Amino acid sequence: MRRPTKPDPCDAPGREAGTRKQVDDGITRAFALLGKRWTGPIVSVLIGGPAYFGDLCRAIPGISERMLSDRLAELGAAELVLREVHGGPPLRVSYRLTETGAALEPALKELAWWARAHLKS
C-alpha cells in the first residue's frame, strides 16, 4: 500500500505563482558554483595573485589534493580560473583568476567583512 504524500507547503492554496517572491536567477547560479565547499577559499587565495597548486593546498587547511583539483577544474570550466603549465623540470602548474574571476573581489571582501561582523568565531 502506498503512503499518501503530504502536500508541499510551498504550494499552499492562496499562494499563486504570480504573487510569490522568486529567488533571483543570478543568485541561484552564483551559489550553485560559489556555494560549494572550498570554492570561496580557493577564489579568495587567488585574489592575491597566481598560485602554484602546492601553494594553494598549503594555503587552505583541510582541503585534499583531489578536492582542490576538482574545484579548480570546475572553476576553470566556469571560466573563473585559468590553469597555466610551466615547463620544468620540475613541471609546475599555476592558477590565476580570469577577469571574470577577479570581478568577484569586491563581493568576497564584503562577504568577509559581514562574516567578521556577524558570525561567531
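Numerical summary
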{"quantity": "Flag if LEU108 is at pLDDT below 95 and surrounded by 14 or more Cβ atoms within 10 Å (Cβ to Cβ)", "calculated": "yes"}
{"quantity": "Per-region count, segment 65-77, residues farther than 18 Å from ARG92 by Cα and surrounded by fewer than 17 Cβ atoms within 10 Å (Cβ to Cβ)", "calculated": "3"}
{"quantity": "Lone unmet requirement of (1) of a type in the set (Gly, Ala, Ser); (2) assigned to a helix (DSSP H, G or I); (3) over 19 Å from the mean Cα position of the chain (by Cα) for SER121", "calculated": "(2)"}
{"quantity": "Check on ASP25, charged (D, E, K, R) and closer than 18 Å to VAL85 by Cβ", "calculated": "no"}
{"quantity": "Any hit, segment 71-84, residues being in a helix (DSSP H, G or I), of a type in the set (Lys, Arg) and either more than 22 Å from ALA115 (Cβ to Cβ) or without any contact (Cβ under 8 Å) to a residue 12 or more places away in the chain (or both)", "calculated": "no"}
{"quantity": "Residue list for segment 85-106, filter: part of a strand (DSSP E or B) and either of a type outside the set (Ser, Thr, Tyr) or touching a His at 6+ places or on another chain (Cβ under 6 Å) (or both)", "calculated": "VAL85, HIS86, ARG92, VAL93, ARG96, LEU97"}
{"quantity": "Pair list, Cβ < 8 Å and 6+ apart or interchain, from segment 86-100 residues that are over 18 Å from LEU68 (Cα atoms) to residues that are among the small types (Gly, Ala, Ser) and surrounded by 11 or more Cβ atoms within 10 Å (Cβ to Cβ)", "calculated": "HIS86/SER94"}
{"quantity": "Unmet criterion (only one of (1) touching a strand residue (DSSP E or B) at 6+ places or on another chain (Cβ under 7 Å); (2) loosely packed, with under 11 Cβ neighbours inside 10 Å; (3) at pLDDT 95 or above) for LEU46", "calculated": "(2)"}
{"quantity": "Residues of segment 23-65 that turn out to be in contact with a Ser or Thr (Cβ under 8 Å, 6 or more places away or on another chain) and either touching a residue at least 60 places away in the same chain (Cβ under 8 Å) or assigned to a strand (DSSP E or B) (or both), as a count", "calculated": "2"}
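The values are calculated or read from the model by the stated rules, or taken from the named source; none is laboratory data. From a predicted model like this one, the values you see are computed outputs, not experimental measurements. Using ideal geometry, Cβ is built from the backbone for each residue, glycine included, and neighbour counts are taken over all protein chains shown.
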